[in-house]
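Here the structure is laid out as structure tokens; the discussion comes afterwards.
The values are calculated or read from the model by the stated rules, or taken from the named source; none is laboratory data. Quantities reported herein were computed from a predicted structural model and do not represent experimental measurements. Cβ coordinates were reconstructed from backbone atoms using ideal geometry, including for glycine residues, and neighbour counts include every protein chain displayed. Protein only, heavy atoms only, side chains kept; ligands, DNA and RNA dropped before computing areas. Shrake-Rupley method; radii C 1.70, N 1.55, O 1.52, S 1.80 Å.
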Amino acid sequence: MTILVETHAHYRLITLNRPERLNALTVEMAAALSGALDAAEADPSCRALLITGAGRAFCSGQDLTAIVDVAPAEIGHLLDHYHPLVRKLRALAMPVVCAVNGVAAGAGANLALACDIVLAGEGASFVQAFARIGLIPDCGGNWFLPRLVGMARARALAMLAEPLPAATAAEWGMIWRAVPDEGLMAEAHALAARLASGPTAALALTKQALEESAVNDLDSQLDLERDLQAEASATPDHAEGVRAFLDKRPAAFTGMRS
Ligand code: T3D
């Protein structure tokens, strides 16, 4: 199986599972991942996702053995299988945590950056490997990098294709945190569990608001925040959050939209 899916209380763990090729992406793996995202979203009890890789790597990007004899035009079309994953991750109505357990290269690096909160083990690194094989960053790399680390660093990462250690990625604001390798999965599970017990509808609306801020001017963003806040304020979790604060007790969120 190219991916493994494990169900936990209110969240699912998805593990990319081709460790012999450092979890390199194939069309089959992309289809399985896409199906797993759809299944998670269709299950109202699933309120967060955690994604990681099996073995010593997170994901080494496109499986190069699968494109060695492929016509150039078809190579571009491979992205018809991968780019929908990036769109799905960004639009998924729940938080997605990525635990980068080792090297994340090429499309693998950018799939990680498409997740909402990225934790990485200190031994992990991010490589925009594309230039090494005469390609351009894809899977959103040219969009994520300048926004996360600024244009000067984005250009160097994309053009030099050098590995960026997790600690530097965290220092530059490319990811949330770098943590000791041995503590990565415990911390990632704790984070996923925490998000899974959060106000899921408000978190999904927050995700939408942040996403749209990338293209909105301030005026449009304020209008959007007004509309999305109206939706958030109508959820039972908003009422529960306020009551819990006044009762001086932890909120018991259900994640329900209405
Ligand atoms: O083309 C399109 O339009 C489609 C979309 C493309 C998007 C992309 O992702 S393009 C970028 C593709 N990825 C790469 O170019 C990265 C290739 N891999 C590497 O540069 C290195 O493997 C790493 C930096 C990721 C890790 O290096 P290291 O030294 O830790 O491991 P290694 O020895 O290179 O790899 C271990 C094994 O995995 C090895 O196999 P072997 O010799 O033990 O049988 C290696 O060949 C295999 N492997 C690693 N990455 C890939 C791979 N096999 C196929 N495809 C890979 N991407």
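Values for this structure:
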{"item": "Cα centre as origin, Lys/Arg/Asp/Glu Cβ charges: the range 134-204 dipole, Debye", "result": "300"}
{"item": "Carbon/sulfur fraction of accessible area - the range 188-258, other protein chains in place, 1.4 Å, %", "result": "60"}
{"item": "When the range 132-258 is reduced to its Cα atoms, the Kirkwood hydrodynamic radius in Å", "result": "17.8"}
{"item": "Estimated [θ] at 222 nm from DSSP helical runs (n ≥ 4, -39500 (n - 2.57)) normalised by residues in the chain, nearest 500", "result": "-15000 deg cm²/dmol"}
{"item": "Electrostatic dipole magnitude of the range 68-222 [Cβ: Lys, Arg +1; Asp, Glu -1; Cα centre; debye, to 20]", "result": "140"}
{"item": "Burial order of peptide ranges 69-79, 158-168 (average beta-carbon count within 10 Å, highest first)", "result": "158-168, 69-79"}
{"item": "Kirkwood Rh and Cα Rg combined as Rg over Rh, evaluated for the chain", "result": "0.99"}
{"item": "Interatomic Cα distance distribution for the range 8-66, bins of 10 angstrom, percent", "result": "23, 46, 26, 5"}
{"item": "With Cα atoms, 0 to 90° folded angle of helix 236-247 axis to the chain main axis", "result": "60"}
{"item": "Tilt relative to the chain, helix 200-213 - C-alpha long axis, 0 to 90 degrees, to 10", "result": "60"}
